[in-house]
Amino acid sequence: IIALKVFTDSGSGSFAVLGNALQWVVNNTDAYNIVAVNMSLGNGGNYNTNQGSSISDELLALANKGVAVVSAAGNSFAQYSSAQGVSYPAADINSWAVGAVFDANIGSLSYSGGATANSSGADVITPFSQRDQNLTTVFAPGASIAGASKDGGVAVYHGTSQATPHVAGALALAQQLAVNSLGRKLTLPELKSLFVTTGVSIVDGDDENDNVVNTNLTFKRIDILALGNAINPIQFSPTSTSIVVNEGNIGTTAYTFTVTLGRTSSQSVTINYSTS
């Protein structure tokens, strides 16, 4: 894990500083085998179409290097009167937009932006999480998430900024598994397709009990086990073949057959035979 500080101690920042950090990633991708960039930040906007900014060039450069960039979708769904959209850089064409679901039933909660959850539960979309039919990539647990506190000990936070690192970490695991089992990294289109197709379907409005207007759209929450199983499946189909052995050699002679599976990990193979 490489930590690049782009905010001041007070929590403010600029795209210029963020661009410098992203350029460092571009320059050091190969040296450190970087496969994902987490950006738990946003400009506070709400966009329903792809946007660009001064960091778009760096995001494009990272995409060309096969580095997945994931960004927080934003926490202002209530403040934008439940209008669909995501913040920037989540709205950049070369970034994934990550929304937040509750990790478990933690009761009712009210948030500073005006969003209120009258109840909560696993896979219930948090009322603050910005979301968009076209721009949202996936959801991940974002409330409540415990992590290391800057003052020592543990701090608990709620936000799409907490959901996004789950996806960045899953991306690193996915690429590690792909290299070990397939002998190569997955492309960005392959990764996005796998994260979405293996994700758990969640409906915005089926079990959300909150004060925002739910979209009734179906989104995907990442499922790391299903993702792993999709990357590392049994990659061969049993076939029937005939092996002829000279009649005079049949008896106690042991024969060894080598089967090539085209995989780097071992698999068990059963060979059925007869002497007819």
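For segment 84-105, state whether one or more residues are modelled with pLDDT of 95 or more, of a type in the set (Val, Ile, Thr) and either over 21 Å from the mean Cα position of the chain (by Cα) or assigned to a helix (DSSP H, G or I) (or both).
Looking through segment 84-105, none of the residues is modelled with pLDDT of 95 or more, of a type in the set (Val, Ile, Thr) and either over 21 Å from the mean Cα position of the chain (by Cα) or assigned to a helix (DSSP H, G or I) (or both).
Residue by residue through segment 184-220, note down the ones that are in contact with a Ser or Thr (Cβ under 6 Å, 6 or more places away or on another chain) and surrounded by fewer than 16 Cβ atoms within 10 Å (Cβ to Cβ).
Those that are in contact with a Ser or Thr (Cβ under 6 Å, 6 or more places away or on another chain) and surrounded by fewer than 16 Cβ atoms within 10 Å (Cβ to Cβ): Ser201, Val203, Asn209, Asn211, Val213, Thr218.
Look through Ala146, Ala174 and report the one residue that is farther than 14 Å from Lys220 by Cα, among the small types (Gly, Ala, Ser) and open to solvent by 50 Å² or more (accessible area, probe 1.4 Å).
Going through Ala146, Ala174 in turn, the sole match is Ala146.
Taking the conditions exactly as written (closer than 24 Å to Leu194 by Cβ and either among the hydroxyl-bearing types (Ser, Thr, Tyr) or open to solvent by 20 Å² or more (accessible area, probe 1.4 Å) (or both)), does Asn38 satisfy them or not?
So Asn38 passes the test.
Of the residues that make up segment 44-56, is at least one of a type in the set (A, V, I, L, M) and buried (at least 21 other Cβ atoms within 10 Å of the Cβ)?
yes
What are the pairs with Cβ atoms under 8 angstrom where one residue, in segment 117-131, is free of Cβ contacts under 8 Å to residues at least 60 places away in the same chain and closer than 20 Å to Val86 by Cβ and the other, located anywhere, is among the hydrophobic types (A, V, I, L, M, F, W, C) and open to solvent by 10 Å² or more (accessible area, probe 1.4 Å)? Sequence gap at least six, or different chains.
The qualifying pairs are Phe128/Ala78.
Which pairs have Cβ atoms under 6 Å, sit 6 or more apart or on different chains, and link a residue in segment 185-201 that is without any contact (Cβ under 8 Å) to a residue 24 or more places away in the chain to one that is hydroxyl-bearing (Ser, Thr, Tyr) and outside any loop (DSSP other than H, G, I, E, B)?
That search, which allows pairs on different chains as well, returns Ser201/Thr218.
Can we say Val67 is without any contact (Cβ under 8 Å) to a residue 24 or more places away in the chain and surrounded by 14 or more Cβ atoms within 10 Å (Cβ to Cβ)?
No; evaluated as a whole, the condition is false for this residue.
What number of residues within segment 3-21 satisfy the criterion of being open to solvent by less than 80 Å² (accessible area, probe 1.4 Å) and either out of contact with any strand residue (DSSP E or B) (no Cβ under 8 Å at 6 or more places or on another chain) or in a helix (DSSP H, G or I) (or both)?
Qualifying residue count, segment 3-21: 11.
Restrict the check to segment 221-230 and report whether at least one residue is open to solvent by 40 Å² or more (accessible area, probe 1.4 Å), of a type in the set (Asp, Glu) and at pLDDT 75 or above.
yes
Given the residues Ser112, Ser108, which is the only one that is of a type outside the set (Val, Ile, Thr), out of contact with any Cys (no Cβ under 8 Å at 6 or more places or on another chain) and in contact (Cβ under 8 Å) with a residue 12 or more places away in the chain?
Just one listed residue meets the conditions, Ser108.
The values are calculated or read from the model by the stated rules, or taken from the named source; none is laboratory data. This structure is a prediction, so every number in the text was calculated from the model and none was measured. Here Cβ is always computed from backbone atoms with ideal geometry, including for glycine, and neighbour counts include all displayed protein chains. What goes into the accessible areas is simple: the full protein's heavy atoms, side chains included, and nothing from ligands, DNA or RNA. Shrake-Rupley method; radii C 1.70, N 1.55, O 1.52, S 1.80 Å.
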